[in-house]
Amino acid sequence: GDGTVNAVAAALVGGDVPLGVLPMGTLNHFAKDLGIPAELAEAVNVIALNRAASVDVGEVNRQVFINNSSLGVYARAVIERDHTQNRLGMAKWPAMAVAAIKTFRLAPMLHVRLDMNGKLIRLKTPLVFVGNNRYRLELPMIGARDRLDEGVLSLYVATAHTRWGMLKLLFRAAFGKLRQSRDFEAMYTNEVWIETRHRRLHVAIDGEIVRLQSPLHYKIRPRALRILVPEKPA
């Protein structure tokens with residue numbers, strides 16, 4: 001899965017040894033965006049071809065991420081999911097549904113200050129999402145990336161301030177009808193500092209939760225990871 005790929009990528013980033021990905025996890029976002037086949041035998045063939053390319057990775061306080069990192073409601077929901085799994089012995093997805101409902105009822109907000117390209121931006125938001133390269137926001141490819149070597153971080157900040165606003169945002173995201181400036185602020189950069197009122201923050205990194213010291217320093221590391229990829233179609 002993406003969490004395991006992240007762990008191996010963090011060990012290889014900056015070196016010459018290429019990473020071969022076998023998409024055996026639940027979602028496999030990284031493999032999909034690289035065009036790696038979902039069938040295991042075909043993915044093994046990609047590794048056998050030994051065709052390497054260099055892709056970007058993101059970094060927050062020296063922690064590498066291959067897909068994305070976020071703070072706010074998603075990080076809280078993952079924490080609640082893990083607690084629900086441990087307490088009730090539920091499977092991952094039912095536990096996540098319970099956690100999402102609980103998190104939605106609390107509607108936690110973050111007061112953040114973004115320092116980006118010499119500009120300070122203050123926002124109140126339930127979610128800050130930082131992606132490794134640009135994410136598509138329209139159907140049928142919502143949540144996918146067209147490339148992983150553009151050398152940018154995508155920064156999406158939800159503008160909803162209430163539970164009702166969060167619910168509408170979720171529905172529009174589900175149906176691929178997100179509208180920039182109405183539902184979120186979108187920014188693109190190669191580096192950003194994020195500061196909140198909390199000294200330490202729970203941060204989601206490729207679906208896993210870590211606790212980091214504030215301020216958070218995000219940056220892109222262009223073409224820092226060697227990866228085995230399929231041959232490009234003619």
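The values are calculated or read from the model by the stated rules, or taken from the named source; none is laboratory data. Fair warning: this is a prediction, and the values are worked out from it, not measured in the lab. Reconstructed Cβ throughout: ideal geometry from the backbone, glycine too, with neighbour counts over all protein chains shown. Areas reflect the complete protein model, heavy atoms only, side chains present, ligands, DNA and RNA absent. Shrake-Rupley method; radii C 1.70, N 1.55, O 1.52, S 1.80 Å.
Here are some notes:
- Here LYS219 passes the criteria (1) modelled with pLDDT under 95; (2) in a strand (DSSP E or B) except the one numbered (1).
- Among the residues listed as TRP164, TRP193, the single one being modelled with pLDDT under 65 and either open to solvent by 50 Å² or more (accessible area, probe 1.4 Å) or small (Gly, Ala, Ser) (or both): TRP164
- Verdict on LEU40 being in contact (Cβ under 8 Å) with a residue 60 or more places away in the chain, open to solvent by 50 Å² or more (accessible area, probe 1.4 Å), over 30 Å from HIS111 (Cβ atoms) and of a type outside the set (Phe, Trp, Tyr): no
- Scanning region 123-159 for residues that are open to solvent by 70 Å² or more (accessible area, probe 1.4 Å) and assigned to a strand (DSSP E or B) yields LYS124, GLU138.
- Residue in region 83-96 that is open to solvent by 50 Å² or more (accessible area, probe 1.4 Å), charged (D, E, K, R) and at pLDDT below 75 present: yes
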